[in-house]
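What follows is a single structure, written as structure tokens, with notes after it.
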Amino acid sequence: MLQGITRCHIQRELYSCSTLFLQMSLIFKVTKWVPPFELHTIDINNCQLGPGFPIWLQPQTQISCVRLPSTGISGSIPEEWLLKISSQLYCMDLSHNQIQGKLPFQLQFPTLDDMNLSYNQLEGPLPHWFTSATSLDLRSNLFSGPIPSNVDQLFPELQDLYLSENHLNGSIPPSICNIHRLLVLSLRSNRLSGEFPQAWSAWQ
């Protein structure tokens, strides 16, 4: 029995739906289906949506909250879709999948609060995203290169920053001490070198 679909008008088909919420073991075998509604929130976990990024999700350009952890998604996040939803995106959780490829290097997320892309296979440099997010979790991926020197300008409101278990190198930029609300910083299991910023003791 299906449970957890909320705020939906259900007849023979779903014509009006703003929130889709599923927490159960299901396998979605959907290929060419185009939803006749505009979602604002989608929250599905422990269901099989992959392989590949769901085609039926890509027309959803008014969505503000995407939570699809542990759903067997592989391939890359469609850059065009991410660009279209970036202006209103509030939260995104695509953790514990097999998502590959590089993230768009520069984007703006003016309303973002929480981004979790951990436990995937994302690679390339850390994205230079301008956002007011309070939590950014990119741990357990394949990111490489340095931590951005202007990390405090990119993520000025961060409280939690998880970058552990990647291939990051270089030194810890002193600007990280300018993120005054930062409570959690996880950098273990990388290839960082050098000394801690001198301002570290004062920042603590």
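Is it the case that some residue within the stretch 85-95 is surrounded by 15 or more Cβ atoms within 10 Å (Cβ to Cβ), within 23 Å of S164 (Cβ to Cβ) and either of a type in the set (V, I, T) or out of contact with any strand residue (DSSP E or B) (no Cβ under 6 Å at 6 or more places or on another chain) (or both)? Yes, some residue in the stretch 85-95 is surrounded by 15 or more Cβ atoms within 10 Å (Cβ to Cβ), within 23 Å of S164 (Cβ to Cβ) and either of a type in the set (V, I, T) or out of contact with any strand residue (DSSP E or B) (no Cβ under 6 Å at 6 or more places or on another chain) (or both). Entry remark, the stretch 132-154: residues being touching a helix residue (DSSP H, G or I) at 6+ places or on another chain (Cβ under 9 Å) and crowded, with 18+ Cβ neighbours inside 10 Å number 4 in total. Checked against (1) surrounded by 15 or more Cβ atoms within 10 Å (Cβ to Cβ); (2) in contact with a Ser or Thr (Cβ under 6 Å, 6 or more places away or on another chain), S189 meets all criteria but (1).
For the stretch 112-149, filtering for residues that are under 21 Å from L83 (Cα atoms) and within 12 Å of the chain's Cα centre (by Cα) leaves 16. Please find, within the stretch 63-85, the residue that is nearest to S132 (Cα to Cα) out of those that are among the polar types (S, T, N, Q) and in contact with a Ser or Thr (Cβ under 9 Å, 6 or more places away or on another chain). This residue is S64. Residue count for the stretch 115-131 satisfying the condition of being in contact with a Phe, Trp or Tyr (Cβ under 8 Å, 6 or more places away or on another chain) and surrounded by fewer than 20 Cβ atoms within 10 Å (Cβ to Cβ): 5. Scanning the stretch 97-136 for residues that are among the small types (G, A, S) and either under 17 Å from S70 (Cβ atoms) or touching a Ser or Thr at 6+ places or on another chain (Cβ under 8 Å) (or both) gives G101, S118, G124, S132. For the stretch 76-89, the tally of residues that are farther than 14 Å from Q108 by Cβ and hydroxyl-bearing (S, T, Y) stands at 1.
Does F109 qualify as being under 12 Å from the mean Cα position of the chain (by Cα) and not acidic (D, E)? So F109 passes the test.
Read-outs throughout are calculated quantities, based only on the coordinates presented, and are distinct from any laboratory measurement. As the structure is a prediction and not an experimental result, all values here were calculated from the model. Methodologically, a virtual Cβ is constructed for each residue, glycine included, from the backbone with ideal geometry; neighbour enumeration extends over all protein chains shown.
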